[in-house]
Every structure is written in structure tokens, then in C-alpha cells.
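No lab work stands behind these numbers, since they all come straight from the coordinates. It should be emphasised that the depicted structure is a prediction, and the values quoted were computed from it without experimental measurement. Cβ coordinates were reconstructed from backbone atoms using ideal geometry, including for glycine residues, and neighbour counts include every protein chain displayed.
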Amino acid sequence: MLTGFSGGELILEERAAQSRGRRLRGRFPYGKPAVLSDGGRNGRPRKEVIAPRAFAYNVERKEIDIRLLVGHRFDKPLASRGAGTLTLTDADDALTFDAIVTEGVQETTWAKDFFAGFAAGLITGLSPGFRIPPARVSPNAEKVEEEDPAEGMAIIRTIFDALLFELSMVTSAAYPEAEVQARNWTPGLVVPARPKLAGAYRWR
């Protein structure tokens with residue numbers, strides 16, 4: 001499963017629910033480039049963009065259980081759509097969630113750790129966990145191209161279709177190398193942006 005990261009525009013708020021649950025609201029913006037790697041000493045930077053409504057397939061199918069987790073750990077759930085404690089709203093600008101962390105879940109060690117980290121301002125990031133559908137289902141699910149030379153030399157991956165399975169609460173720090181390596185994505189053909197050259201390039 002791949003993970004993506006917000007581009008610094010995450011809005012997260014916490015408030016008490018009448019049922020003594022704790023309510024969380026978050027927003028993952030679409031169309032915002034995220035720097036996955038600076039390329040190191042000799043490589044090229046890598047960026048990723050999640051296109052508007054890229055997560056629509058699973059979001060629109062209410063029978064698919066999407067979960068809110070801590071740190072992409074399925075053994076550390078905070079809420080889920082199947083349990084009726086997670087609501088997703090998709091729009092062209094962002095995917096928004098509303099979650100209620102029930103009183104029982106609040107008693108778990110991972111929920112206590114999360115709320116302590118959140119209160120301290122240490123866990124305020126939102127990261128989606130997703131898979132790219134097979135090419136036979138969505139042949140144009142992603143595109144890899146070179147950045148406009150006027151803006152930089154990065155390789156940019158744009159995701160148009162992705163199967164969302166979870167949203168995770170993560171630290172708001174810049175993307176750690178360990179998380180970037182865990183993505184394990186390998187682009188196919190790289191289409192040059194400018195200048196346009198004959199043929200195609202493969203990123204190695």
C-alpha cells in the first residue's frame with residue numbers, strides 16, 4: 001500500500017461530541033505537490049501530486065470500509081466508515097473527513113498516545129493509504145513526467161485514480177526517508193515536459 005502526504009494545508013480540529021466521544025475533522029488538499037525526495041547528492045528530486053477526486057472510486061462506494069488510523073497501523077484504529085464513526089466528503093479541492101473517536105476507543109493505549117501527541121502539536125499531519133488500480137481497470141491512473149525546466153529538475157508523478165483504504169494521523173514533520181522508502185512506487189514511462197523530445201524516458 002502506498003501512502004501520500006498533505007502539502008502543508010491540513011486543517012485538523014478536535015472537539016467533544018455529545019456522546020462523550022471526541023470528534024476529529026481533517027482535510028487532505030488535492031493538486032498540491034509533495035516533495036518525496038530531494039534526490040540526495042546525485043539524484044533528481046521526486047514530487048507527487050494527487051489529482052482532484054483521485055480517491056473517488058472507494059469514497060463513493062459506501063460499502064467499502066475506510067478507516068482512520070494512527071501511523072498507517074491497522075491495529076491502531078481511531079474510527080471507520082463501517083462502524084459509522086467516519087464520514088468522508090469529496091470535492092474538487094480536497095477530501096475532508098469527520099470522525100468520532102468513541103469513549104471506548106479513547107481508552108486504548110494508541111488513542112491516548114495520539115491525543116497526547118496531538119495536544120502537544122506533534123501529530124497533526126494527515127496521510128492517505130492507497131493502491132493504484134491495475135492498468136486493465138484504469139490505464140491512465142497515473143502519469144510521470146519531468147518538471148518544467150523553468151521551475152526545477154524534479155520527476156513528478158501525478159495520480160489520477162487510486163483506491164483509498166485508510167487515512168492516518170502522522171507527525172507534521174517533513175517526509176522522513178523511511179516513509180518515502182515504504183512507498184515502493186516505480187514509475188513507468190517518463191514523459192518530458194519541456195523541451196519536447198522524441199521518444200520517452202524511463203526513470204531508473
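Amide H contacts of S37 (H built 1.01 Å from N, in plane; Pro and chain starts excluded): R46 sit under 5 Å, all sequence-distant by 5 or more or on other chains. Net charge near R81: determine it from the other residues with C-beta under 14 Å of the C-beta of R81, scoring Lys and Arg +1 and Asp and Glu -1. Net local charge, R81 excluded: -3. The gain in end-to-end length when the R44 to D75 segment is fully stretched comes to 7.6 nm, 0.36 nm per residue minus the alpha carbon separation.
Between R23 and R15, A16, A17, V101, the built amide H atoms are under 5 Å apart, and every one of these is 5 or more places off in sequence or on another chain.
The simple spin-label model puts a point 7 Å past each Cα toward its Cβ; for D113 and A51 those points are separated by 3.8 nm. The lysines within cross-link reach of K112, meaning a Cα-to-Cα straight distance under 21 Å and a gap of 8 or more places when in the same chain, are K76.
Close amide H contacts of A94 (hydrogens built in the peptide plane, cut-off under 5 Å, sequence separation of 5 or more or a different chain): Y30. 3J(HN,Hα) along the range 73-80: 9, 5, 8, 10, x, 9, 6, 7 Hz, from the Karplus curve 6.51 cos²θ - 1.76 cosθ + 1.60 with θ = phi - 60°, whole Hz, x for Gly and Pro. Taking the number of Cβ atoms within 10 Å of each Cβ as an exposure proxy, the fewest-first ranking of I155, I132, I50 is I132, I155, I50. In order along the range 149-155, the phi-based Karplus estimate (6.51 cos²θ - 1.76 cosθ + 1.60, θ = phi - 60°) of 3J(HN,Hα) comes to x, 5, 10, x, 10, 6, 9 Hz; Gly and Pro are listed as x.
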